[in-house]
Amino acid sequence: MKPIKVGLLGIGTVGSGTFNVLKRNQEEITRRAGRSIQITMVADLNTERAKELTNGECEVVNDANLVVNHPDIDIVIELIGGYGIARDLVMKAIANGKHVVTANKALLATHGTEIFRAAQEKGVMVAFEAAVAGGIPIIKALREGLTANRIQWLAGIINGTTNFILSEMRDKGLDFDIVLKEAQRLGYAEADPTFDIEGVDAAHKATIMSAIAFGIPVQFDKAHVEGITKLQATDIRYAEQLGYRIKLLGIAKRTPKGIELRVHPTLIPAKRLIANVEGAMNAVLVHGDAVGATLYYGKGAGSEPTASAVIADLVDITRLATADPEHRVPHLAFQPDSMNDTPILPMSEVTTSYYLRMQVDDQTGVLADITRILADSTISIDAMLQKEPEEGDTRADIIILTHQTQEKNVEAAIAKIEALSTVVGQVTKIRLEQLS
Ligand code: HSE
């Protein structure tokens, strides 16, 4: 059978990994795919570097349009990133009848509905295993391996940069700003780390997973996005004393009222396997009604780990390219005419547990005032820790863990607690999930 021809848009870290792994494992990949997969064109603005990386083995151009418009190209790999040029090129490739493989989570989380609709109409595939958790085959697991299940919830450490920073903060007792600088120096964080540290990257990935898990459209604009920039080493320490670790989790959860879709720092019991995922590693915990809890762990970024996911998509497309579009695995796991419109809940309606830290004057009755406010707001206390004042200080830290309650109850209680004259400054609130 004649080789399937691939055009690569962008030969940076992931692109060069894809080129190298495909070449290195060509023989085995061909045996798996049923025909040879060849990158025959590469588009990159830095053509000199692209020529060096590809050793003259394929045509190198500086205009990506030449690839998406080329009649011989069967599959386009988009590794440019962002929503601008990448979106135009993906839409052009689809319009030209080409299958697309992309690692672009930002593009899919915001424009996925338009892209998947166009692909459906044109009868081509858009594959995106590399867009979520790099080398971990979580899309395949959710869309196919767990297809028998009604997925109840998933929770993932899906951003390596922030997990590295949180691990360092815990190990070394350092504050966020110091660790961020160190992470940048070591190359774990980008020069502009905003998308990672503000939780946006994780929210893109959680949005994509929520669509596949629940059969809803991708709706990044409805996700609650909160990063780790305000997290203090003090809270990591107190959490530890109470038997918890703090992780930036992407959570998608089915509830009777709708879907919770949220990214925020979260206390999780230290004894859970996922709590022990350290450094830049990723992990996703998925709970299905039939299978129970399943955990997927691995490298969420990097040249060859991400290439592993890109090539898995190339093989999938190669195997399925000749199948009728209606007999392929649907892009978002559910048949396009069977998607549902279950709402994504506003944060005020979310139900979870909470870690609350406040600084108070060490006086009679302060604790009673605080617990009365919580009781009046129907918030039940699960655990409590009071740190005695330092020598010469008159203020004490109180840490309270609550049982599950609605976010709006906690917000109302916090406002009342902060209004007490004996409470100093603001109450620190971090959500807590048992993940059991
Ligand atoms: N910047 C991401 C991370 C990798 O730190 O995990 C690409 O999504």
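The values are calculated or read from the model by the stated rules, or taken from the named source; none is laboratory data. This one's a predicted model, so the numbers in the text were calculated from it and none came from an experiment. When we count neighbours, we look across all protein chains shown, and the Cβ atoms used for this are built from the backbone with ideal geometry, even at glycine. Protein only, heavy atoms only, side chains kept; ligands, DNA and RNA dropped before computing areas. Shrake-Rupley method; radii C 1.70, N 1.55, O 1.52, S 1.80 Å.
Okay, here's what the table says:
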item	result
Identity of the residue in segment 92-111, assigned to a loop (DSSP other than H, G, I, E, B) and more than 16 Å from the ligand (Cβ to nearest atom), that ends up surrounded by the fewest Cβ atoms within 10 Å (Cβ to Cβ)	Gly97
Any hit, segment 239-256, residues being more than 13 Å from the ligand (Cβ to nearest atom), at positive phi and part of a strand (DSSP E or B)	no
Total residues in segment 33-51, condition touching a helix residue (DSSP H, G or I) at 6+ places or on another chain (Cβ under 6 Å) and either assigned to a helix (DSSP H, G or I) or open to solvent by 60 Å² or more (accessible area, probe 1.4 Å) (or both)	1
Checking Ile29 against (1) closer than 13 Å to Ala307 by Cβ; (2) open to solvent by 90 Å² or more (accessible area, probe 1.4 Å), the condition it does not meet	(2)
Failed item, numbered, when Ala323 is tested on (1) more than 16 Å from the ligand (Cβ to nearest atom); (2) surrounded by 16 or more Cβ atoms within 10 Å (Cβ to Cβ)	(2)
Residue list for segment 338-361, restricted to those being of a type outside the set (A, V, I, L, M), in a loop (DSSP other than H, G, I, E, B) and in contact with a strand residue (DSSP E or B) (Cβ under 9 Å, 6 or more places away or on another chain)	Thr342, Pro343, Pro346
Enumeration of residues in segment 185-196 that are more than 9 Å from the ligand (Cβ to nearest atom) and either modelled with pLDDT under 95 or touching a strand residue (DSSP E or B) at 6+ places or on another chain (Cβ under 9 Å) (or both)	Arg185, Leu186, Gly187, Ala191, Asp192
Evaluation of Ala293 against (1) open to solvent by less than 40 Å² (accessible area, probe 1.4 Å); (2) away from the ligand (no atom under 16 Å from the Cβ) (one fails), failing number	(1)
Failed item in (1) of a type outside the set (Val, Ile, Thr); (2) out of contact with any helix residue (DSSP H, G or I) (no Cβ under 6 Å at 6 or more places or on another chain); (3) closer than 26 Å to Tyr83 by Cα, with Ala119 passing the rest	(2)
From the options Thr13, Thr18, residue that is polar (S, T, N, Q) and open to solvent by less than 30 Å² (accessible area, probe 1.4 Å)	Thr18
Selection from segment 380-414 of residues that are part of a helix (DSSP H, G or I) and either open to solvent by 70 Å² or more (accessible area, probe 1.4 Å) or outside the structural domain of Val360 (by TED's automatic domain parsing) (or both)	Lys408, Glu411
Selection status of Thr234, in a helix (DSSP H, G or I), more than 14 Å from the ligand (Cβ to nearest atom) and hydroxyl-bearing (Ser, Thr, Tyr)	yes
Filter pass, Phe195 being touching a His at 6+ places or on another chain (Cβ under 7 Å) and open to solvent by 20 Å² or more (accessible area, probe 1.4 Å)	no
Hits in segment 140-183 (condition: within 14 Å of the ligand (Cβ to nearest atom) and in contact with a strand residue (DSSP E or B) (Cβ under 8 Å, 6 or more places away or on another chain))	Gly156, Ile157, Ile158, Asn159, Gly160, Thr162, Asn163, Leu166
Selected residue (only one of Val60, Val6 is surrounded by 14 or more Cβ atoms within 10 Å (Cβ to Cβ), in contact with a Leu (Cβ under 7 Å, 6 or more places away or on another chain) and within 21 Å of Lys92 (Cβ to Cβ))	Val6
Matching residues, segment 112-168, being assigned to a strand (DSSP E or B) and not assigned by TED's automatic domain parsing to the domain that holds Thr294	Val126, Ala127
Leading residue by the ranking (farthest from Arg117 (Cα to Cα)) among those in segment 207-229 that are in contact with a strand residue (DSSP E or B) (Cβ under 8 Å, 6 or more places away or on another chain) and either assigned to a loop (DSSP other than H, G, I, E, B) or within 12 Å of the ligand (Cβ to nearest atom) (or both)	Ile228
